[in-house]
Amino acid sequence: MTDQKADPKKLFIRTYGCQMNVYDSERMAEALGADGYVQTDTPDDADMILLNTCHIREKAAEKVYSELGRFKGLKAEKPDLKIGVAGCVAQAEGEEIMRRQPMVDLVVGPQTYHRLPAMMEQVKQGEKALDTEFPEEDKFEHLPKLRGQKAKRNPAAFLTVQEGCDKFCAFCVVPYTRGAEVSRPVERILREANELVERGVREITLLGQNVNAYHGAGPDGDWSLAQLIWALDKVDGLERIRFTTSHPNDMSDDLIDAHGTCKKLMPYLHLPVQSGSDKILKRMNRSHTADSYLRLIERIRAARPDILISGDFIVGFPEEDDQDFEDTMDLIRAVNYGQAFSFKYSTRPGTPAAERALVDDAVASERLYRLQALITEQQRAIQNAMVGQEVGVLFEKKGRFDGQMVGKSDHLHAVHVDGPELQPGDLKRVRIIESGPNSLAGKLIE
């Protein structure tokens with residue numbers, strides 16, 4: 001009688017929030033892959049469901065509990081199904097998650113997911129596993145070194161270089177869920193970048209809660225983000241470099257210079273300002289002013305005139321009055337954003353702003369509508385101005401129509417092109433022929 005190989009265990013991961021969570025989910029999949037799990041696209045046939053959560057959005061914890069509730073029937077049908085919660089809500093809520101949803105087997109914070117295999121051993125023994133510590137060891141060094149099939153399918157990849165935040169903005173939970181600022185050593189980042197390139201990656205986006213505050217240990221002392229970018233510039237096969245998210249206070253001279261001189265550094269910068277009112281910025285504990293931000297934008301554009309600026313805005317922050325909001329609108333008009341993310345303020349328990357009186361919800365909603373209309377107007381004008389221009393496009397996947405491929409331009413616009421011969425990973429020159437609401441259409445340049 002011949003032994004039959006057991007079917008692999010299936011892992012379903014649902015990822016919420018930022019690019020760092022996308023990166024973390026990939027690494028958790030790799031950590032569990034070493035334990036015999038392969039990923040599936042549906043929770044229905046999974047042996048393990050893992051929710052990688054984000055605490056930035058309003059009522060984030062309640063939404064996680066609601067999502068978990070949807071799996072109760074599945075858990076009843078499959079008693080051996082394991083359910084875990086990871087990420088920032090896991091860090092903030094801890095054992096409360098297991099108390100409210102006893103079917104949860106595992107809760108792991110964003111700094112301890114390298115311990116997942118050991119935690120799964122606890123779960124196999126019928127125990128609950130909880131780890132929301134901020135360990136001293138480098139989690140990245142305790143994860144599998146191979147990046148596997150994901151990188152082979154996608155020519156663009158994320159690479160976390162910095163985590164945590166020391167800024168303590170009054171509205172933000174990141175310092176409490178991700179901890180203090182920590183930067184990975186240069187040698188380890190370069191090693192991972194080379195591994196990614198060996199697997200077909202041509203574009204890397206460097207990630208960090210405050211990525212431009214990077215100060216990782218290099219061969220001759222701590223390196224800045226600009227020094228790291230120049231080292232990555234020398235990696236053969238790596239064609240494009242991006243980074244996100246930045247803080248205005250950490251846009252150093254050498255980083256601004258890199259935007260003007262490093263050909264692999266793409267002309268796109270996400271630089272959140274949050275408000276155009278100095279009063280509100282002070283109440284937010286942002287430690288920059290509207291004027292200092294505008295002068296910074298001028299310096300960046302002097303170094304790289306074609307750069308596309310993206311930003312973040314919070315509308316209806318406590319004590320924001322009509323003039324504060326108009327100051328924000330004036331700043332937006334002055335900058336001319338190619339893209340921006342904007343939200344109504346919502347309370348995050350445990351943050352300094354949580355105790356303050358809220359702006360009337362109807363007033364905040366009307367302000368958000370006006371702000372988003374202005375951002376949309378600017379975004380579409382910039383996209384319309386791209387028509388007729390020649391851009392580089394890194395193609396990533398098939399489009400909705402036969403023979404169509406979709407990729408990202410130098411400025412991070414989605415571009416679709418009719419090109420049956422194109423393959424993921426192709427980097428081509430394209431002439432833009434049409435501008436849509438959220439994407440561009442182009443034609444290959446012969």
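The values are calculated or read from the model by the stated rules, or taken from the named source; none is laboratory data. The structure displayed is predicted, hence computed values, not measured ones. Quick reminder, even Gly has a Cβ in these numbers, built from the backbone with ideal geometry, and neighbours come from all protein chains shown. The accessibility values were calculated without ligands, DNA or RNA, using every heavy atom of the protein model including side chains. Shrake-Rupley method; radii C 1.70, N 1.55, O 1.52, S 1.80 Å.
Restricting region 406-426 to residues that are more than 23 Å from the chain's Cα centre (by Cα) and within 24 Å of residue 263 (Cβ to Cβ), the residue that is surrounded by the most Cβ atoms within 10 Å (Cβ to Cβ) is 417. Got at least one residue in region 287-299 being crowded, with 20+ Cβ neighbours inside 10 Å and free of Cβ contacts under 8 Å to residues at least 40 places away in the same chain? The answer is yes; a qualifying residue exists.
The residues on offer are 202, 188, and the sole one that is closer than 18 Å to residue 230 by Cα and touching a Gly at 6+ places or on another chain (Cβ under 8 Å) is 202. Within region 397-422, the set of residues being within 19 Å of residue 435 (Cα to Cα) and among the small types (Gly, Ala, Ser) comprises 399, 407, 409, 414, 419. Scanning region 69-125 for residues being open to solvent by less than 40 Å² (accessible area, probe 1.4 Å), polar (S, T, N, Q) and outside any helix (DSSP H, G or I) gives a total of 3.
Condition check for residue 306 on (1) assigned to a strand (DSSP E or B); (2) exposed (fewer than 14 other Cβ atoms within 10 Å of the Cβ); (3) not aliphatic (A, V, I, L, M): one failure, at (1). Pairing each residue of region 240-251 that is under 30 Å from residue 425 (Cβ atoms) and of a type in the set (A, V, I, L, M, F, W, C) with any residue that is part of a strand (DSSP E or B) and open to solvent by 10 Å² or more (accessible area, probe 1.4 Å), provided the two are 6+ apart or on different chains, yields C-beta distances under 7 Å for 243/205. Could we say that residue 340 is open to solvent by less than 70 Å² (accessible area, probe 1.4 Å) and over 14 Å from residue 274 (Cα atoms) here? For residue 340, the condition - open to solvent by less than 70 Å² (accessible area, probe 1.4 Å) and over 14 Å from residue 274 (Cα atoms) - is not met.
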